[in-house]
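The values are calculated or read from the model by the stated rules, or taken from the named source; none is laboratory data. Just so it is clear, the structure is predicted and the values come from calculations on it, not from any experiment. Here Cβ is always computed from backbone atoms with ideal geometry, including for glycine, and neighbour counts include all displayed protein chains. SASA here: full protein model, heavy atoms, side chains in, ligands and nucleic acids out. Shrake-Rupley method; radii C 1.70, N 1.55, O 1.52, S 1.80 Å.
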Amino acid sequence: MNVHQIIPNQLIKTVWGEPSVNVDYEFKTMENGTLVIIKSYGFTQTGEEMLRQVNDNTGGFTTVLDGCKAYLEHGINLRLIEDKFPQK
């Protein structure tokens with residue numbers, strides 16, 4: 001992953017993956033916490049191949065955010081990545 005821009009408490013812009021895509025993380029202050037909006041764009045695939053890539057990206061971001069939320073709010077490491085992709 002390459003970080004292209006950071007605006008503290010607002011935005012992190014990255015490029016990552018193969019083939020590479022842009023991924024922006026936007027942070028919005030809410031009454032009860034912070035809303036994280038993830039935008040992934042710049043896909044070169046089309047049709048079914050693009051749908052597979054988008055679905056894969058969506059699931060991965062959700063897993064990581066779920067783990068971050070549990071850790072930040074409760075100090076619990078859910079080991080979601082290790083459990084999703086165990087070493088053989």
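Pairs of lysine in the chain with Cα under 17 Å and at least 8 positions apart or on different chains: total? So the count works out to 4. With 5 Å bins beginning at zero, the pair-distance distribution over Cα atoms of segment 37-84 amounts to 5, 18, 24, 17, 15, 11, 7, 3, 0 %.
Rule-of-thumb check for the chain: C-alpha Rg over 2.2 N^0.38 Å?
Dividing the Cα radius of gyration by 2.2 N^0.38 Å gives 1.22.
In what order, largest first, do Val21, Val36 sit by accessible area if the probe radius is 1.4 Å? Before the final figure, lay out the partial values.
Working: Val21 10, Val36 50 Å².
Descending accessible area places them as Val36, Val21.
Shown in residue order for segment 49-60 are the 3J(HN,Hα) couplings computed by the Karplus curve 6.51 cos²θ - 1.76 cosθ + 1.60 at θ = phi - 60°: 5, 5, 4, 4, 5, 4, 4, 4, 4, 4, x, x Hz (x for Gly and Pro). In this Cβ point-charge picture (+1 for Lys and Arg, -1 for Asp and Glu), the chain has a dipole of about 120 debye about its Cα centre.
Across segment 11-22, computed HN-Hα scalar couplings (Karplus, 6.51 cos²θ - 1.76 cosθ + 1.60, θ = phi - 60°) run 7, 10, 10, 10, 10, 7, x, 9, x, 6, 9, 7 Hz from first to last residue, x flagging Gly and Pro. Solvent exposure of Leu80, expressed as accessible area, is near 50 Å², computed with a probe of 1.4 Å over the protein chains only.
In what order, largest first, do Ile81, Ile38 sit by accessible area if the probe radius is 1.4 Å? Before the final figure, lay out the partial values.
Details: Ile81 85, Ile38 50 Å².
Sorted by accessible area, descending: Ile81, Ile38.
Apolar share of the accessible surface for the chain: 55 percent from carbon plus sulfur atoms, 1.4 Å probe.
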